[in-house]
Amino acid sequence: RPRALSGIQPTAGSFHLGNYLGAVRQYVALQESHDAFYMVVDLHAITVPQDPAELRANTRLAAAQLLAAGLDPDRCTLFIQSHVPEHAQLGWVMNCLTGFGEASRMTQFKDKSAKQGADRATVGLFTYPILQVADILLYQANEVPVGEDQRQHIELTRDLAERFNGRFGDTFTVPKPYIVKETGKIYDLQDPTIKMSKSASTPKGLINLLDEPKVTAKKVKSAVTDTDTVIRFDPENKAGVSNLLTILSTLSGTSIADLEKSYEGKMYGALKTDLAEVMVDFVTPFRARTQEYLDDPETLDSILAKGAEKARAVAAETLAQTYDRMGFLPAK
Ligand code: ATP
Ligand code: MG
C-alpha cells in the first residue's frame, strides 16, 4: 500500500469549509487505499502566538473534528505532531539542507508575514515549510493530500528529498502532492478572488464547520455573486457563482454540468437556497459527532496515544537511518 501523510493546524474554533473540501475529505478517502498518517500540527501552530490553554483545547478540538469527518483510527494513524519528537529533530536536519534564498521564495511566508508585519513574523514562521518537509519525509510518504496553497511546499519537499538522497544515498521517498483539481482552492464567499482562510478579511466570507447551522445558511445566502443572472461555471468571469457550484457539486455528488442544466432559467437565489440546505445537512451531524468526541476526552486521548505510538515507530526508524547516513556518532 502506498503511504499518505498530511497535517492540519489546530485552528481556534473550527475547521473551515476550504480545509474540509481541499484536504480533510481526501484524508478520509485515502484511508481506504493508502497506509495513511494524519496529524494535528501543533508545532506549526506556534509559528504565531498561542495561548497555552487555548492551544491545548484547540488541539483536542482538531482531533475530534478529524474523527467526526470520518477518520477511523483502525484504518489510519491519527496523532499529534508534538507527541512524536522526531519531527523537530528531522526538521533541524532539513533546515541545514535548505538554502536561505530557497526558503525566502516560499510565497506562503511572504503572504503571512506581510499580513502580520515583518517585525512580528517569527523565524519559526519562516522555516515552517522546512518542518513540513520533515513531517512528510519521516513517514516515507508517497502522496500528500493538501490544498493548492501547499503545492510549493511539496515541491520543496521533493527537492530536499532528492538533495539528501543524492548527497548521502537513497534514504527518503520523493513524495507527490495529491491535490484535487476541483476543490484544491475554495474561495472566500465575500471575495471570491482570494482563498477561504482562517485569516479571512471578514467573518462572512468564511464558513466554519462548527458555526450554528443558521449562521452558515445566512453566510451562503449573502455570498457575493455578480450582476449577470446566468448560473454557469466560469471561474474567470463568474468567480462567486463558480465557487458556489463547486461547493454544491462536491457536497451533493451532482456534476457541475448537471447542476448548470437544472438551474437553467433560475435565479441565483435558487442556487443559494439549495446550497444552504445541503450545507446545513452536512454540518449538523458533523457538529454532533465532534461534540461526542469532545465529551469523552479519555477515549479521544487514548486514540491519540495509540496513534503517536504507531507514528513514532515509523518516524524513529527514518530518523535513525538519516543520522547514520549523515555521520552522527551513535549514542551506544
Ligand atoms: P492559514 O490560512 O492560516 O494557512 P488554513 O486555513 O490554510 O490556515 P491550514 O491548517 O494551514 O489552514 O490548512 C489545512 C489544509 O487545508 C491544507 O492542506 C490546506 O492546503 C487546505 N486548505 C486551506 N485553505 C483551503 C482552501 N481555501 N481551499 C482548499 N484547501 C484549503
Ligand atoms: Mg494554510
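The values are calculated or read from the model by the stated rules, or taken from the named source; none is laboratory data. Since this is a predicted model, take the numbers as computed values, not measurements. Here Cβ is always computed from backbone atoms with ideal geometry, including for glycine, and neighbour counts include all displayed protein chains. Just the protein is used for accessible areas: all its heavy atoms, side chains included, with ligands, DNA and RNA removed. Shrake-Rupley method; radii C 1.70, N 1.55, O 1.52, S 1.80 Å.
A few notes on this one:
- The set of residues in the stretch 193-241 being among the aliphatic types (A, V, I, L, M) and either in a loop (DSSP other than H, G, I, E, B) or in contact with a His (Cβ under 9 Å, 6 or more places away or on another chain) (or both) consists of Ile194, Met196, Ala200, Leu206, Ile207, Leu209, Leu210, Ala223, Val224, Val230, Ile231.
- Being within 29 Å of Asn243 (Cβ to Cβ), in a helix (DSSP H, G or I), in contact (Cβ under 8 Å) with a residue 40 or more places away in the chain and more than 12 Å from ligand 1 (Cβ to nearest atom) is a condition met by no residue of the stretch 168-188.
- Long-range neighbours under 7 Å by Cβ, at least six apart or interchain, first residue over 15 Å from Gln150 (Cα atoms) within the stretch 96-110, second not hydroxyl-bearing (Ser, Thr, Tyr): Leu97/Leu160; Leu97/Arg163; Leu97/Phe164; Thr98/Ile130; Thr98/Leu160
- Yes/no for Pro10 being surrounded by fewer than 22 Cβ atoms within 10 Å (Cβ to Cβ) and either away from ligand 2 (no atom under 16 Å from the Cβ) or under 27 Å from Gly184 (Cα atoms) (or both): no
- Conditions (1) more than 22 Å from Lys204 (Cβ to Cβ); (2) more than 14 Å from ligand 2 (Cβ to nearest atom); (3) touching a Lys or Arg at 6+ places or on another chain (Cβ under 9 Å); number of the one not met by Ile46: (3)
- Residue within the stretch 202-211 that is away from ligand 2 (no atom under 16 Å from the Cβ), closer than 29 Å to Gln291 by Cα and polar (S, T, N, Q) present: yes
- Residue within the stretch 292-307 that is under 30 Å from Asp170 (Cβ atoms) and part of a helix (DSSP H, G or I) present: yes
- For the stretch 201-221, a residue qualifies if it is in contact with a strand residue (DSSP E or B) (Cβ under 9 Å, 6 or more places away or on another chain) and in contact (Cβ under 8 Å) with a residue 40 or more places away in the chain, and the qualifying residues are Leu206, Ile207, Asn208, Leu209, Thr216.
- Flag if Thr173 is open to solvent by less than 50 Å² (accessible area, probe 1.4 Å) and under 16 Å from the mean Cα position of the chain (by Cα): no
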